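First the structure, in the form of structure tokens, and then the observations on it.
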Amino acid sequence: GTASQPESAPAVSQAAESSPSSSPSADEPPQPTTAPVRPESELDRPEAHQSGAASPSTQPQSPASAPIASPGQGVVEQLRRWLGIKKEETSEKREPDDKEAAAWLAYSDNVRGGAGFIPWTAFQHPQLGAVEIGGFAPFFRTTPPEAELPPLIDRHLAFVLDLAGRFPAIEFMETKVKALAPGVFEIETLLVNSGYFPSATAMGVQNRRVRPAVVTLDLPLARIIGGERVQKIWQLVGSGGRKKFRWVVRGTAGESINVKVISEKLGDFSLAIAMPEGE
């Protein structure tokens, strides 16, 4: 009438007793015999699996639903904040990158009725393939309209004539001759640039690419007592720049002695100087 114990039970009991890990030691705390109970979360609920809902931390956002940073935000905005750079105010009107082109566009729209710019249009080029054709009309920025030509010509002509009148012009001035002794005369003269511009530019003088004006006293060396027979002038400044020449020569009363000037850019000319009669 008594229930018999299964044969496997003693084996299990004996194995548990013979196992060293089954009996806790005095130094070790007792281990729980059951697994800890985990709190129920939304994922453990049946309705969460049935409806397909997921935790916000585990469900990825689609590109359509994710917030999109504007060009002024995102990585650039974070970098600006990290570096401590203040964001520029955009309330002010931005200046065009190419002010000259912007001025031409305004002139084309306001004065020429938009004739100066061709809208960009797609075009199939036989060699280059798909391209776009457009931009400023040919010669729009270099050739004025026909109605504006007469006043423009008058102003340009006046400018060219005024410019030509400012070119360097050299000439002899204040020429003096004095008899020092019978047959001996002193000659003094000034070579003056009466033009506005110098006879040679500063760069031309520096690199010696402009040849100097050469002043020559047309006498044999034996008749020249003082002064150089040939002299070079690299530059005479504009608006009255001058160079003084002085010679002491042997001559006869009433004789004419020439001083020659040879200039590559200003031309050649000469000055005839008459020796005065005796004292």
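Which of rounded, prolate, oblate describes segment 123-221, given a ≥ b ≥ c as roots of the alpha-carbon gyration tensor eigenvalues and a/c under 1.5 marking rounded, otherwise prolate only if a/b is larger than b/c? It is prolate, given that a/c is not under 1.5 and a/b is the larger ratio.
Note that segment 153-166 has calculated 3J(HN,Hα) couplings of 5, 4, 5, 5, 5, 4, 5, 5, 5, 5, 5, 5, x, 9 Hz, one per residue in order, obtained from phi through the Karplus relation 6.51 cos²θ - 1.76 cosθ + 1.60 (θ = phi - 60°); glycine and proline are x. On the beta carbon distance between residue 139 and residue 216, with R0 = 35 Å, the FRET formula returns roughly 0.10. For segment 164-232, the Kirkwood estimate of hydrodynamic radius, built from reciprocal distances between every pair of different alpha carbons, is 14.6 Å. When the inverse distances between all different Cα atoms of segment 212-274 are averaged and flipped, the Kirkwood radius reads 12.8 angstrom. Using 0.36 nm per residue and subtracting the Cα-Cα separation, the extra length available between residue 158 and residue 265 on full extension is 36.2 nm. If only the Cβ of Lys and Arg carry +1 and only the Cβ of Asp and Glu carry -1, the dipole of segment 109-264 around its Cα centre is close to 980 debye. Between residue 231 and residue 277, the C-beta separation translates, for a Förster distance of 30 Å, into a calculated FRET efficiency of about 0.55.
From the Cα gyration tensor of segment 175-279, with a ≥ b ≥ c the square roots of its eigenvalues, which class applies: rounded if a/c is under 1.5, or else prolate if a/b is larger than b/c, or else oblate? Taking the square roots of the gyration eigenvalues as a ≥ b ≥ c, segment 175-279 is prolate. Ranked by the mean number of other Cβ atoms within 10 Å of their residues, highest first, the peptides 137-145, 200-208, 245-253 come out as 245-253, 200-208, 137-145. What does the C-alpha gyration tensor say about the overall shape of segment 83-163? Classify as rounded when a/c is under 1.5, otherwise prolate if a/b is larger than b/c, or oblate. Judged from the Cα gyration tensor, segment 83-163 comes out oblate (a/c at least 1.5, b/c at or above a/b). Distant-in-sequence amide contacts of residue 184, defined by a placed amide H-H separation under 5 Å and a gap of 5 or more residues or a different chain, comprise 251. Exposure proxy for 233, 262, 153: other Cβ atoms within 10 Å of each Cβ, ordered fewest to most, give 153, 262, 233.
A short reminder: the numbers here are calculations on the coordinates, not readings from a lab. All values derive from a computational prediction rather than experimental measurement. Here Cβ is always computed from backbone atoms with ideal geometry, including for glycine, and neighbour counts include all displayed protein chains.
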